[in-house]
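Engineer: Provided herewith is a single structure, encoded as structure tokens, for subsequent inquiry.
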Amino acid sequence: MNALSSDKIVVPHIGVGEIRFGMDRDGVRAILGDPAEVDAESVPDWESWSYPDLGLEITFDADEEYRCTYLQVSHADYQVGGTTMLGLERAALVKSTSGLDLGEGVDSEEDGGDESLEFPDVSLEIHFDAGRSVMLGWSAEIDETDEFRFPNQG
């Protein structure tokens, strides 16, 4: 059992459970152990670690000395503000987010028809497949100079 087995609370701009934006690979490994898969080739200057049993993917950015800059979850037991975000139809999801402090949601459609609902104020996006939310991704805060601001960085 690891640190995320019971603590699956997503906090925009901060992280999830004990995993925080700005952590390096050794810090994440100390909490979660070795990832099941490492992808260092799909996106230049990024390294993604996959923990399928947790429904978690962690991205480390080479430009940030391989610190955690992006998180993605795909299991329905992750929550934002006590609210389940995955496995819901779009209308139910929009209703459930209305009481959360996420800012205004913006619909987006990517090449290939993939749909998402983005909350730019908190750098959070929810992806849909067949009308249901299937993936939640969010990043560290990005300041007005397009630099990452990590928790406890000031």
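What follows is calculated from the coordinates using simple rules that are stated; it is not laboratory data. Remember, predicted model here, so these are calculated numbers, not experimental data. Cβ: placed from backbone, ideal geometry, glycine included. Neighbour counts: every protein chain shown.
Engineer: If you rank 14, 142 by fewest surrounding Cβ atoms within 10 Å, what's the result?
Structural biologist: Arranged by neighbour count, lowest to highest, 14, 142 become 142, 14.
Engineer: With just the Cα atoms defining each centre, how far is the stretch 117-154 from the stretch 14-70? Give it in Å.
Structural biologist: First find each Cα centre; the distance between them is then 15 Å.
Engineer: Which ordering of 43, 122, 28 is given by a fewest-first count of other beta-carbon atoms within 10 Å?
Structural biologist: Exposure proxy ranking, most exposed first: 43, 122, 28.
Engineer: In what sequence do 95, 8 fall when counting other Cβ within 10 Å, fewest first?
Structural biologist: The most exposed by this proxy come first: 95, 8.
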